[in-house]
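Input: a single structure, listed below in structure tokens.
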Amino acid sequence: MVAYRVHRAARIAAIAVSLVFVLAVAAPAQESRPSVPGKFDFYVLALSWSPSFCAAERERGRAEATQCGGRPFAFVVHGLWPQFERGFPSYCEVPAPRLARTIVDSMLDVMPSPRLVYHEWDRHGTCSGLAAAAYFETVRKAFATVKIPTAYRDLAKPITVTPDEVEDAFVKANPGLTRTAMAIDCSSKRLREVRVCLSRDFSFHDCAQIVQRSCRRDRVAMPAVRGE
């Protein structure tokens, strides 16, 4: 009986060790680096397909008035996120330096939600090492760097696309951009975002950890810009 108990305990210990190993391999690796303003490797420019956002918000019984209730938007800026090659910094200054309302208002043509502008500054902008005005100027420069494919600038009718088709369109519209520097984000049914990795000088930057999280759906919907 004693021998049986010893053998059983050894088996349980072995299984536990194996499980820890499996979980360690399966979990995405993250660098344990402090969140220090200005200390990062590259940016991710997250471009949100506004009609998908508004459709999802309406399904939840809410909608951002600035973004979903007036002027129709296509791709807009969700954020410009400082990144490490593995992991990312966030909330590098708590509390964050106060963000002037004039800066918020100046960004609503490309980030059409005051709440989003405030949030992005608090979580990501404070990690850029830039003052608020300079950070949002950088956001605008990054947005101007990435050319939106003509087919997606004013989508009059809803379409269904594959993630590969969207990536191909962005690659063709942006010389030097490759699939190793971008990712598609989707929900269970809609395209949500295109994420493009950029170096600090706005050249395209390979980003394996971002790419591996790209959408795996066969096809996703892109609601129309007008009458989302």
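Has region 113-133 got any residue that is polar (S, T, N, Q), at pLDDT below 95 and surrounded by 17 or more Cβ atoms within 10 Å (Cβ to Cβ)? Working first, answer last.
At the first step, the residues of region 113-133 found to be polar (S, T, N, Q) are 113, 126, 128.
Narrowing further to those that are at pLDDT below 95: 113.
Now restrict to residues that are surrounded by 17 or more Cβ atoms within 10 Å (Cβ to Cβ): 113.
Yes, some residue in region 113-133 is polar (S, T, N, Q), at pLDDT below 95 and surrounded by 17 or more Cβ atoms within 10 Å (Cβ to Cβ).
Residues of region 168-184 being touching a Lys or Arg at 6+ places or on another chain (Cβ under 6 Å) and surrounded by fewer than 21 Cβ atoms within 10 Å (Cβ to Cβ), which ones? Working first, answer last.
Initially, region 168-184 is screened for residues touching a Lys or Arg at 6+ places or on another chain (Cβ under 6 Å), giving 173-174, 183.
ALA173, ASN174, listed by residue number.
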Top-ranked residue of region 160-215 - restricted to ones that are touching a helix residue (DSSP H, G or I) at 6+ places or on another chain (Cβ under 8 Å) and among the charged types (D, E, K, R), ranked as farthest from ALA144 (Cα to Cα): ARG190
Are there any pairs, at least 6 apart or on different chains, whose C-beta atoms fall under 7 Å, with the first in region 26-39 and under 17 Å from ALA96 (Cβ atoms) and the second surrounded by 12 or more Cβ atoms within 10 Å (Cβ to Cβ) and at pLDDT below 80, and if so, which? none
Among all residue pairs at least 6 apart or on different chains, which show Cβ distances below 7 Å where the first residue, located in region 91-115, is without any contact (Cβ under 8 Å) to a residue 24 or more places away in the chain and the second is surrounded by 13 or more Cβ atoms within 10 Å (Cβ to Cβ)? VAL104/PRO114; VAL104/VAL117; VAL104/TYR118
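Considering only residues that are of a type in the set (A, V, I, L, M, F, W, C) and not in a loop (DSSP other than H, G, I, E, B), which ones fall in region 206-227? I'd like the intermediate steps shown before the answer.
Residues of region 206-227 that are of a type in the set (A, V, I, L, M, F, W, C), as a first pass: 207-208, 210-211, 215, 220-222, 224-225.
ALA208, ILE210, VAL211, VAL220, ALA221, MET222 - these are the residues of region 206-227 that are of a type in the set (A, V, I, L, M, F, W, C) and not in a loop (DSSP other than H, G, I, E, B).
Right, LEU191: at negative phi, touching a Cys at 6+ places or on another chain (Cβ under 9 Å) and among the hydrophobic types (A, V, I, L, M, F, W, C) or not? Step through it out loud before you land on a result.
Working: at negative phi: yes; touching a Cys at 6+ places or on another chain (Cβ under 9 Å): yes; among the hydrophobic types (A, V, I, L, M, F, W, C): yes.
Yes, satisfied.
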Residues of region 57-83 being farther than 22 Å from PHE143 by Cβ and buried (at least 16 other Cβ atoms within 10 Å of the Cβ), which ones? ALA63
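The values are calculated or read from the model by the stated rules, or taken from the named source; none is laboratory data. Quick caveat: nothing in here was measured; it's all calculated off a predicted structure. Counting neighbours? That spans all protein chains shown, and the Cβs are built from the backbone with ideal geometry, glycine included.
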